[in-house]
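For reference, the structure discussed in these notes is given below.
Read-outs: derived from the displayed coordinates by stated rules, not from any lab. The structure displayed is predicted, hence computed values, not measured ones. Glycine gets a Cβ as well: all are built from the backbone with ideal geometry, and neighbour counts include every protein chain shown.
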Amino acid sequence: MSQKFYIETLGCQMNVLDSELACSALLQSGRLQTDVSTDADVILFNTCSVRQHAEDKVYSAIGRLKGWKNEKPNGILGILGCMAQKDQKLIFQRAPHVDFVLGPGRLDFLVETIEQLLGTQPRPVKTADVSLRRTTNGHAEVLESFRQYNPDRMIPETQKTDSVLVRITFGCDQFCSYCVVPFVRGPEQSRSPHDIVNEVQHLVDQGVTKITFIGQTVNSYQYQQTRLADLLYQVADISGIEQIDFVTNYPLDIDDYLLQAVRDLHQVSKHLHVPAQSGSDNILKRMNRHYTAAQYREMTDRIYATIPGATMTSDFIVGFCGETDADFEQTVELVKYCRFRNSFIFKYSERTGTKAAELYADDVPEHEKKYRNNRLLEVQIEISRQQTGER
Ligand code: 5AD
Ligand code: SF4
């Protein structure tokens, strides 16, 4: 009988895509997917470490699987994704029933890792395959250890869809002071336009009409002379492509060449997700975001002026280290000025290993973070409501 696997995904679209690719590889290796975790022979968690809350959820979900492991001692429990890279072997200490951890830069070894574990009897071996730490290794070695994972993707018959994610950049080099992503996803790497266009064509052949390009700073895409706008032109030329989106944008890299491509290509959605994170220059500086609130406003003006009918969404962190009432009010003002269609608001969560954790005290009390979160949400909801009324 074929083995069954179960995969649970937490976190962002990067993880959603990684899980889809992992599923595709496991299905191609002859395994079957199940939606019932306890029926599975292999259980995988694709994890997120952007905020503490996401990690806590994983540890409690893994904890609940002790019974499954007792009943199925040959079952395999694997932890993929950002927590695997961040916590590495620590995961075995906190959850000794986990069999393997595999970082996001090592996903191409997933099938092999599972097969090795299945083939080892008795099974005392635990494996941790992760990329090298950025802080203690040379750039070239680190880059090599974060492998790009672009397997030939077959959309399973049972999961037919007309809309898919396509990764165009891996990793991140921005090092925002609060963020763990550059450490767990590695250095920024852009895929070749040739590979991307081939993949999109292959997906179109399987019935796809809508694609979303994803990357941590997707608009920083650059492969030799090719930039994101060039890629949009190339992909819009593929017959059968009806809609192209791209997330997530870094404010300073929104240039006029890109905005004109968005305006001129009817296939490209007139919508941009550009996280601002804060409206206070003091806080932006502490966050290592490299722009001021005035620059962000100017960028917003340019977007609305260049692309008729454009809409925008943003991300904000409230309660970052040292954020005063006055700083927070500047964020409220920015949200009012930019008239986002929606904002995703997060309470600051300290992450070990980041500059913010090293340099600044997490000094905004939890109740104040909650208050600011709710207050900003109310302001945003009112703006969203007005826009729905306008349409
Ligand atoms: N605490 C809270 N929110 C965070 N984000 C990233 N790191 C943290 C953190 N340490 C938010 C940012 C980012 C979104 C994906 O998650 O707003 O844009
Ligand atoms: Fe994190 Fe900043 Fe990179 Fe976004 S741009 S992934 S917030 S470091």
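At a glance:
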read-out: Ranked list, fewest to most other Cβ atoms within 10 Å of each Cβ, for 94, 297; value: 94, 297
read-out: For the chain, calculated [θ]222 nm from helices alone, where every DSSP H run of n ≥ 4 adds -39500 (n - 2.57); value: -12000 deg cm²/dmol
read-out: Order of 19, 49 under a 10 Å beta carbon neighbour criterion, fewest first; value: 19, 49
read-out: Cα-based shape type of segment 231-318, given that a ≥ b ≥ c are square roots of the gyration tensor eigenvalues and the cut on a/c is 1.5; value: prolate
read-out: Per the chain, cysteines lacking a partner by the 4.7 Å Cβ criterion; value: 12, 23, 48, 82, 172, 321, 338
read-out: Within-12-Å neighbourhood charge of residue 294 [Cβ basis; K, R +1; D, E -1]; value: -3
read-out: Cα shape, segment 1-143, gyration tensor, a/c 1.5 rule; value: rounded
read-out: Calculated SAXS-style log₁₀ I(q)/I(0) at q = 0.18, 0.21, 0.25 Å⁻¹ - segment 291-391, Debye, Cα scatterers; value: -0.91, -1.11, -1.35
read-out: Charge tally in the Cβ shell below 13 Å around residue 372, where Lys, Arg are +1 and Asp, Glu are -1, residue 372 excluded; value: -3
read-out: Residue 297 paired with residue 385, simple spin-label distance in nm, labels 7 Å along Cα-to-beta-carbon; value: 2.6 nm
read-out: Local electrostatic count, residue 329, Cβ distance below 15 Å [Lys/Arg +1, Asp/Glu -1]; value: -4
read-out: Projected-area mean, the chain, by convex hull of Cα positions, square nanometres; value: 20.3 nm²
read-out: Ranked list, fewest to most other Cβ atoms within 10 Å of each Cβ, for 331, 209; value: 209, 331
